[in-house]
Amino acid sequence: MTKTDVNLAVDIGGLTISNPIMPASGAFGKGMEEFLDFNLIGAVVPKSITKYPQKGNKNPRACETFGGMINSIGIQSDGIDKYLNHTVPYYQQYDVPLISSISAESVEEFEEMSEMIAGSPDVAALELNISCPNLENNGEAFGMDEDITYEVVHKVRQITDKPILVKLTPNVTNIQKIALAAERGGADSLVVANTLLAMAIDIHSQQPKVGNVMGGLSGPAIKPVIVRQIFQVREVSNLPIIGCGGIMNADDAIEMILAGATAVQVGTASFVNPSVMKDMIEGIRAYMEQYQYQTIYELVGKTMDRI
Amino acid sequence: MKATSNLKVLSNKQLSRRYWHMAMDSSSIDEKIEPGQFFNIQSADNGSYTPLLRRPFSTFRINENSLEFLYKVEGPGTAKLSEYTPGDYINLLGPQGVPFSIKEGTDKILLLGRGVGIATLAALAQKAFNQGIQVYAVLSARSHDDLLAAEALKDYCTEVVHVTEEEQTSGVDNVREIMNNLITFYQIDAAYTCGSRRLSVLLQNIIKERNIDGEVALEEYMACGVGVCYSCVCDVVRNNTVYSVKSCEEGPVFPIDEVVFA
Ligand SMILES: Cc1cc2nc3c(=O)[nH]c(=O)nc-3n(C[C@H](O)[C@H](O)[C@H](O)COP(=O)(O)OP(=O)(O)OC[C@H]3O[C@@H](n4cnc5c(N)ncnc54)[C@H](O)[C@@H]3O)c2cc1C
Ligand SMILES: Cc1cc2nc3c(=O)[nH]c(=O)nc-3n(C[C@H](O)[C@H](O)[C@H](O)COP(=O)(O)O)c2cc1C
Ligand code: FES
């Protein structure tokens, strides 16, 4: 087999991307373009946008823990107007689809924002961040409730025909129920998942290590939990899954694809190495050549057949 | 396109109980490196995730073909850094950030540093000295042992004053008096600080009263170091409006009168 036989393109709910590697919202943006050719990745996913400008949480906003980090950024945002006037046009210079991540405080706000964002011809798909643990009380999020998940997705579905990606929270007892609620609501793809609600304490000052007391754990430490959740969601849903959480290299991405993901998002790894997504794409290609796979689809959920 | 660089360790020596000095071969870095800029250093071996994130360090000395860092062993990142020996390679991302500025016509500058902040100011002292500017410094530390690392500054400074907690000379009132005396006596044009919130607030007040220029290098917690994560933000006031800005991108050096010290 020659190199040209490998096709990395996938469809994630109506949006075709040239390869399954894309950034995770909040861990990507202007600043990385000096280290990574954005035209190489499957899609661009800027940080979640809120309706109004908001400041985010108090410092310190991040700390390192074993095999990961906890962040309590709290979605610092310039608001939707600036997003539409600056962020969206900025990404037009790249030849890859723009996925807009939306974070809202109520179902109505999700609707309003989706309408504004989907109205932009330059936005290829919407990602509903119903999983940010920082904004809601005590780390709770929309995505922790089946009915609200259904309601948010259902309402946004009435507004747009653009692909709707729903980013689930891993902080639930049964992710299958939430995934099915999102599917019933009309989601085109499920992002599994976001950060795990976590806490770390400095034993010398005896204070929490992040200003907001609790935050979201990301990085290699969470990967096994996310792989499990991808597998579980795959068991009940046929929607394309985008795996997200703890991917550090191509092997991790392949592991998530074998568990059932069609594509993956990369967050914390880009902080360690801002050009890491390029290495991941090359690594996946090399793996497919080594084991003679022609398409990503031959790998998606393959581990199910091996059990 | 920028890339991270693997630099060869030339030396890595312990200077005092907690302070270390490292030199690396920087001949492969084409970009000009300026005092106040930082490198985001990966202390773990590639593929090992402990510690996971890079750690920011400002350059202590910038030479033709080498870079020097002065660092205090704090936790896992700096502990790992202290284990490297000459010949090893370390991955660096940088130079990043906005450097210190020296206005045209400046003759005399004053530095106010504490702890590892002294390392950040050292590169500025080196540059100013090379430009024929006279450098004065007030250096603060917990103990004399911690000041050992500041010896290098002597090469570039006309006068260095040490204050320590050990000798009960590092209180704000005493430092204020020393600073004011130096500013008056030597007719200082600009002052720079790094390493302590308390001293930054003091300098902010002094520069307002004395009507001289001042800059501060902030040390906010950084996760990405490239302006995408928003973990390093600080508040600045510009035209009477407060803005939250990323200190890895718009800093770490700021005009001191802009910064809102929380
Ligand atoms: C722009 C900048 C320049 C710096 N220059 C120097 C320098 O020249 N020499 C030096 O010794 N130190 C410098 N520091 C501080 C240095 O980054 C931290 O001491 C180091 O990251 C600690 O890592 P650790 O794993 O040893 O400790 P950890 O156990 O991870 O942390 C110990 C403490 O160090 C501080 N710290 C940890 N990580 C960071 C981080 N990513 N950013 C900022 N502070 C952190 C926190 O206050 C934390 O509580 C600088 C920091 C910044 C932001
Ligand atoms: C600093 C930081 C900021 C984040 N901000 C957002 C955000 O704005 N919206 C969102 O949906 N997820 C956000 N996330 C979560 C990431 O998109 C991702 O789901 C998570 O980090 C797990 O992936 P990783 O282990 O590859 O980092 C953020 C994560 C980090 C580390
Ligand atoms: S460290 Fe990430 S934005 Fe500054």
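The values are calculated or read from the model by the stated rules, or taken from the named source; none is laboratory data. Since this is a predicted model, take the numbers as computed values, not measurements. Cβ coordinates were reconstructed from backbone atoms using ideal geometry, including for glycine residues, and neighbour counts include every protein chain displayed. Keep in mind that these areas ignore ligands, DNA and RNA; they rest on the heavy atoms of the full protein, side chains included. Shrake-Rupley method; radii C 1.70, N 1.55, O 1.52, S 1.80 Å.
Among the residues of the stretch B:33-55, which ones are within 12 Å of chain A (Cβ to nearest Cβ), in contact (Cβ under 8 Å) with a residue 12 or more places away in the chain and open to solvent by 20 Å² or more (accessible area, probe 1.4 Å)?
Once the filter is applied, which keeps residues that are within 12 Å of chain A (Cβ to nearest Cβ), in contact (Cβ under 8 Å) with a residue 12 or more places away in the chain and open to solvent by 20 Å² or more (accessible area, probe 1.4 Å), the stretch B:33-55 yields B:Q42, B:N46, B:T50, B:R55.
Output the number of residues of the stretch B:107-125 satisfying the condition of being out of contact with any strand residue (DSSP E or B) (no Cβ under 6 Å at 6 or more places or on another chain), open to solvent by 10 Å² or more (accessible area, probe 1.4 Å) and not acidic (D, E).
Qualifying residue count, the stretch B:107-125: 1.
I'd like the full set of residues that are away from ligand 3 (no atom under 16 Å from the Cβ) and in a loop (DSSP other than H, G, I, E, B), limited to the stretch A:29-61.
Residues satisfying the conditions are A:D37, A:I41, A:G42, A:A43, A:V45, A:T50, A:K51, A:Y52, A:P53.
Of these, B:N12, B:N6, which one is away from ligand 3 (no atom under 16 Å from the Cβ) and within 17 Å of A:V272 (Cβ to Cβ)? Can you show your working first?
Numbers: B:N12 fails: within 17 Å of A:V272 (Cβ to Cβ).
From the options B:N12, B:N6, the qualifying one is B:N6.
What's the number of the only condition in (1) away from every other protein chain (no Cβ under 11 Å); (2) open to solvent by 30 Å² or more (accessible area, probe 1.4 Å); (3) in contact with a Pro (Cβ under 8 Å, 6 or more places away or on another chain) that B:Y221 fails to meet?
The failed condition is (1).
Any chance you could count how many residues in the stretch A:92-132 are in contact with a helix residue (DSSP H, G or I) (Cβ under 7 Å, 6 or more places away or on another chain) and of a type outside the set (A, V, I, L, M, F, W, C)?
9
Considering only residues that are open to solvent by 10 Å² or more (accessible area, probe 1.4 Å) and part of a loop (DSSP other than H, G, I, E, B), look in the stretch A:9-26 and name the one that is farthest from the other protein chains (Cβ to nearest Cβ).
Here the residue is A:G14.
Name, by its number, the condition in (1) touching a helix residue (DSSP H, G or I) at 6+ places or on another chain (Cβ under 8 Å); (2) within 13 Å of ligand 1 (Cβ to nearest atom); (3) closer than 29 Å to B:Y136 by Cα that does not hold for B:S200.
(2)
Yes/no matrix, rows are residues, columns are (1) away from chain A (no Cβ under 14 Å); (2) within 16 Å of ligand 3 (Cβ to nearest atom); (3) farther than 30 Å from B:L52 by Cα:
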position: B:G75; (1), (2), (3): no, no, no
position: B:Y84; (1), (2), (3): yes, no, no
position: B:G115; (1), (2), (3): yes, no, no
position: B:Q134; (1), (2), (3): yes, no, yes
position: B:D155; (1), (2), (3): yes, no, yes
position: B:H162; (1), (2), (3): yes, no, yes
position: B:E165; (1), (2), (3): yes, no, yes
position: B:G171; (1), (2), (3): yes, no, yes
position: B:L182; (1), (2), (3): yes, no, yes
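Could you grab the pairs with beta carbons closer than 6 Å, sequence gap of 6+ or different chains, first residue in the stretch A:233-257 and modelled with pLDDT of 95 or more, second one of a type in the set (F, W, Y)?
Filtered contacts from the stretch A:233-257: A:I254/A:Y287.
Among B:D25, B:D30, which is the only one that is open to solvent by 10 Å² or more (accessible area, probe 1.4 Å), away from chain A (no Cβ under 14 Å) and under 30 Å from B:E215 (Cα atoms)?
Result: B:D25 is the single residue among B:D25, B:D30 that is open to solvent by 10 Å² or more (accessible area, probe 1.4 Å), away from chain A (no Cβ under 14 Å) and under 30 Å from B:E215 (Cα atoms).
I'd like to check which strands (runs of 3 or more DSSP E) are fully inside the stretch A:208-269 and have at least 1 residues that are within 17 Å of A:S72 (Cβ to Cβ).
The strands (runs of 3 or more DSSP E) meeting that bar are A:215-218.
Do any residues in the stretch B:64-78 that are within 13 Å of B:L15 (Cα to Cα) have Cβ atoms under 8 Å from those of residues that are within 16 Å of ligand 3 (Cβ to nearest atom) and not polar (S, T, N, Q), where the two are at least six apart or on different chains, and which pairs are they?
Close Cβ pairs satisfying both conditions: B:F69/B:F39; B:F69/B:I41; B:F69/B:F57; B:Y71/B:F57.
Identify all residues within the stretch A:27-55 that are more than 16 Å from the chain's Cα centre (by Cα), open to solvent by 10 Å² or more (accessible area, probe 1.4 Å) and within 19 Å of A:A124 (Cβ to Cβ); write none if there are none.
A:K30, A:E33, A:D37, A:N39, A:L40
What are the residues in the stretch A:274-307 that are assigned to a loop (DSSP other than H, G, I, E, B) and free of Cβ contacts under 8 Å to residues at least 12 places away in the same chain, if any?
A:Y291, A:R306, A:I307
Criterion first (farther than 24 Å from A:A221 by Cα, surrounded by fewer than 24 Cβ atoms within 10 Å (Cβ to Cβ), out of contact with any strand residue (DSSP E or B) (no Cβ under 8 Å at 6 or more places or on another chain) and among the aliphatic types (A, V, I, L, M)) does A:V123 satisfy it?
No; evaluated as a whole, the condition is false for this residue.
One line per residue, one yes/no per condition, for (1) more than 16 Å from ligand 1 (Cβ to nearest atom); (2) more than 27 Å from B:N6 (Cα to Cα); (3) surrounded by fewer than 24 Cβ atoms within 10 Å (Cβ to Cβ); (4) more than 14 Å from chain B (Cβ to nearest Cβ):
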site	(1), (2), (3), (4)
A:F271	no, no, no, no
A:K278	yes, no, yes, no
A:E282	yes, no, yes, yes
A:Q290	yes, yes, yes, yes
A:Y297	yes, yes, yes, yes
